[in-house]
Structures are given as C-alpha cells and as structure tokens.
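Data first, discussion second: the structure below is written as structure tokens.
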Amino acid sequence: MHYRRLGSSGLQLSALSFGAWVTFGAQVGRSTARDLVACAWDHGINFFDNAEGYANGEAERVMGDVLVDLRLPRDGFCVSSKVFFGSAADPRPTQRGLSRKHVTDACHAALKRLRVDYLDLYYCHRPDPDTPISETVLAMDALVRQGKVLYWGTSEWSVGEIREACRFAKAHGLYLPTMEQPQYNLLHRERVELEYAPLYGEYGLGTTTFSPLASGQLSGKYNAGIPAGSRLAREETAWLGEQLRGEAGEARLARIRRFTAVAASLDVPAAPLAIAWCLRNPHVSSVILGASQPAQLRQNLEALDLLDRMDERGWQQVKAATA
Ligand SMILES: NC(=O)c1ccc[n+]([C@@H]2O[C@H](COP(=O)([O-])OP(=O)(O)OC[C@H]3O[C@@H](n4cnc5c(N)ncnc54)[C@H](OP(=O)(O)O)[C@@H]3O)[C@@H](O)[C@H]2O)c1
C-alpha cells in the first residue's frame, strides 16, 4: 500500500480506501462485510468511509460491529461519516441538512453506530441551501474542539461554497475544511481537475474521491447489458441505469467499450486500470473503492502495481479512448 497526506494535513491515508455505500446493511450480509473490511485491512487500507444516509444508518452499524469484531487498533485506522441526507427513512426538518442541530445530532448518532469515540473524518454530504455556510462551519469547528471530529470536510460542494467556508473559518480563527469528497473517474473529471484546481494551492485541500469505476461501469460489466445481481440491477440504485440509456447513454457506453478494449490490448483488467488512472492525479489523497465481494476488492487493489508498471504511452491510449 502507498500512503498519502490528506491535503496539507499531517494525516496519512492509504492511497486506496474502502467505502460502504450500497453494500453494507443492504446488498451484502454481515459476514461478507467482515471479509471485505478484513481483506482491506490486510492489504494496508487504513480509511473506511461511511455516511448517516447509507442504508439509513445500518451501514454504519455493520461497519462499527465489524471494526470491533476484528479488534482493529483504533489508532491504526480512520473512519468517516457524512451528514446531510439524514438516517431516518422519512426525515423530519431537523433530521437532515447542515444546521448546527443536525450536524451535531448526526455526529453523536454516527459515533454510537460506528462504536468509536471520535470520527477521523466528517463530511457535509452536500451543500445545504437552507443553512448559512457560517453556521455549518461553526458547528464543525465546535465538534473538532470537543474532540468528536478530527478533520472535517465537504462532499460535492462547488468551488465557491468551499472557498466561502475556508474564508469564513480563516477570518474567525476556526478550523478550515481539510478535504472534499468528489466523484472522480475517467468519465467524470472536470470538478477535480479544473474546478477545484485553485483550492489545492490556496488552502491545501485534500480529496478523497468516490466511484472510481462509475459504480462498476468502468469494469466493463455493463458493456453487453445489465447483469443480474449487479448494482445497476438493484431497485434502489436503478437510477444509475439511466446513465446508460438513450443517446447520451449510448455515447457513454461507447467510451467505456473503447476503454475496456484498450485495457484488453494492454493485457490488464479494466477495473484496476481505471482506479490506477485516478491515483495518477497528485491532488487525490485517497481513492475510495467499493466492492460487493472480496474478489472484486482484491482485483481492484492491483491498481497499485499498475500505477508503477504502466508507461506514458499506455496512459495516452486510455485518455484518448475515454475522451
Ligand atoms: N460522497 C458521496 O456522495 C459518495 C457517493 C458515492 C460513493 N461514495 C463513497 O465512495 C465509495 C466507493 O464508491 P462506489 O461504490 O460507487 O465505487 P465504484 O468502484 O465506482 O463502484 C463499486 C461497485 O462496482 C462493482 N465492482 C467493484 N469492483 C469491481 C470489479 N473489479 N469488477 C466488477 N465489478 C466491480 C461492485 O458493484 P456490484 O458487484 O454490485 O455490481 C461495487 O460495489 C462508496 O462506498 C462510498 O463510501 C461517496
């Protein structure tokens, strides 16, 4: 495993990390969840990502039980939560969003579910147009000062929103957001590569990026339809299937097919190649992987070797295929 600093902070995260969306508390049982965390840990992964909204809090419950069951040393791993969507199936107004109340309640609830005394990373899962950014920054700063959160950040905020949070925090001597959690993969590059570019230098912003396979699409598993049991076949994530329908969907599939053809011509599996491509970006602190089976996770971990092995000509072919 390689380790990278989370932006300009001193926290060393594994370059590949592991998240629980769709899988924990829903798609996979507890024993598979345990195998996945054990496999990740055995390969040097030290960051496990979660959110209040994943399976209505159940993903955090399962992860917390697994971390305790595996007796992982608390100072050896990092665990996150995210606040915004709420954990209730039908949240009331105070059970969602980024108000001081919900940011605080959601942190306390995540600590209980994850069975830890503090969250290493705590994210605002989306911007909240109904809460002033200053209120959220003050709430996050308070949690850091109380020792309940070590590093706070955002997920899918615009550059303007992140800058406003940083400026307010700086002006008032408060803790700045350390990291952003954006989607980043071969099919979705602009935000990380262009929009956030000024923030890396200005504020030392770190990024923990998600969906490196675009929900599995870059593995090539959807090149000839939607296989049973896959993420796009699941009812709650069927909306992802829309990405592959219609004219835009056909164009997207064509890019994916070109990419998987390049992977085949280079004699490497497509999934770890797509993940290695994310790792090439020095502004990526950690690429958060998802997997529904340990075999997928093991294959995806090959991205680290590919990063060392691939030459520039190969990367140019990958880039051209997905343009
Ligand atoms: N902040 C946010 O808003 C946000 C949003 C999304 C995700 N995230 C975080 O990022 C993590 C990773 O995102 P993601 O799960 O979308 O990542 P991803 O790598 O794009 O998709 C993972 C899924 O792809 C399939 N897969 C993985 N490896 C495969 C392989 N080698 N071959 C074939 N299929 C493979 C599996 O689904 P199936 O086996 O079911 O097909 C797996 O669950 C999440 O768990 C979550 O922690 C955050």
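Please find the FRET efficiency linking His188 to Arg71, where r is the Cβ-Cβ separation and R0 is fixed at 30 Å, and quote it to the nearest 0.05.
Details: r = 37 Å, r/R0 = 1.25.
The formula returns an efficiency of 0.20 here.
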Quick one: Cα centre-to-centre distance for segment 1-46 and segment 233-308, in angstrom? 17
Give the Kirkwood hydrodynamic radius (Å, one decimal) of the chain, defined as one over the mean of 1/r across all pairs of different Cα atoms. 20.0
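How high is the relative contact order of the chain? Use alpha-carbon pairs under 8 Å, at least six apart in sequence, and give a whole percent. Show your work: numbers first, answer last.
Numbers: 590 pairs, mean separation 58.6, N = 323.
Over the chain, the number comes to 18 percent.
Nearest-5 percent of antiparallel DSSP beta bridges in the chain? List each step's numbers first, then the result.
Details: 4 of 28 bridges.
Counting DSSP beta bridges with both partners in the chain, the antiparallel share is about 15 percent.
Rounded to the nearest 500 deg cm²/dmol, what is the calculated helix-only ellipticity per residue at 222 nm for the chain, with -39500 (n - 2.57) per DSSP H run of length n ≥ 4? It would help to have the intermediate numbers written out before the result.
On the way: 11 runs with 128 residues, N = 323.
For the chain, the value works out to -12000 deg cm²/dmol.
Before anything else, pin down the relative contact order of segment 66-167: Cα pairs under 8 Å, at least 6 apart, normalised by residue count, whole percent.
Across segment 66-167, relative contact order equals 28 percent.
For Asp311 and Arg5, FRET efficiency with R0 = 30 Å and r from the beta-carbon atoms, rounded to 0.05? Provide the component values of the computation, followed by the final result.
Values: r = 27 Å, r/R0 = 0.89.
Plugging the Cβ-Cβ distance into 1/(1 + (r/R0)^6) gives 0.65.
Over segment 7-148, calculate the relative contact order: mean separation of alpha carbon pairs under 8 Å at least 6 apart, over the residue count, as a percent. Don't skip to the answer; put the middle values down first.
Working: 220 pairs, mean separation 31.3, N = 142.
Relative contact order for segment 7-148 comes out at 22 percent.
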Under the rule of at least 5 residues apart or a separate chain, name every residue whose amide H is placed under 5 Å from the amide H of Cys78. Phe47, Phe48
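Going through the cross-link list Lys101/Lys148; Lys82/Lys319; Lys82/Lys148, which pairs have a Cα-Cα distance over 22 Å in this structure? Don't skip to the answer; put the middle values down first.
On the way: Lys101/Lys148 15 Å; Lys82/Lys319 32 Å; Lys82/Lys148 13 Å.
The pairs that break the limit, which is 22 Å between Cα atoms, are Lys82/Lys319.
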Descending Cα extents along the principal axes, segment 1-133, whole Å: 42, 37, 23
Among Gly147, Ile162, Thr23, the residue whose Cα sits farthest towards the positive end of the charge dipole of segment 11-181 (+1 at Cβ of Lys and Arg, -1 at Cβ of Asp and Glu, taken about the Cα centre) is Gly147
Using alpha carbon centroids, what distance separates segment 181-220 and segment 69-143, in Å? 22
Order the peptides 181-188, 59-66 from the highest to the lowest mean number of other Cβ atoms within 10 Å of their residues. 59-66, 181-188
Paramagnetic reach from Ala320 in segment 245-276 [backbone N under 12 Å; point 7 Å along Cα→Cβ]: 262
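For segment 2-78, give the magnitude of the charge dipole about the Cα centre (Cβ charges: +1 Lys/Arg, -1 Asp/Glu; no others), in debye to the nearest 20. Please list the in-between numbers first.
On the way: 7 positive and 9 negative charges, 43 e Å.
Dipole of segment 2-78, to the nearest 20 debye: 200 debye.
Using the crude model of +1 on Lys and Arg Cβ and -1 on Asp and Glu Cβ, and no other charge, please compute the dipole size for segment 11-181 relative to its Cα centre, in debye to 20.
Working: 19 positive and 21 negative charges, 68 e Å.
It comes to approximately 320 debye.
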Dipole magnitude (debye, nearest 20) for the chain, charges at Cβ of Lys, Arg, Asp, Glu: 140
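Every read-out reported here was derived from the displayed coordinates using simple, explicitly stated rules and does not represent laboratory data. Since we're looking at a predicted model, the values are computed, not measured. Because the Cβ atoms are built from the backbone with ideal geometry, glycine has one as well, and the counts that use them run over all protein chains shown.
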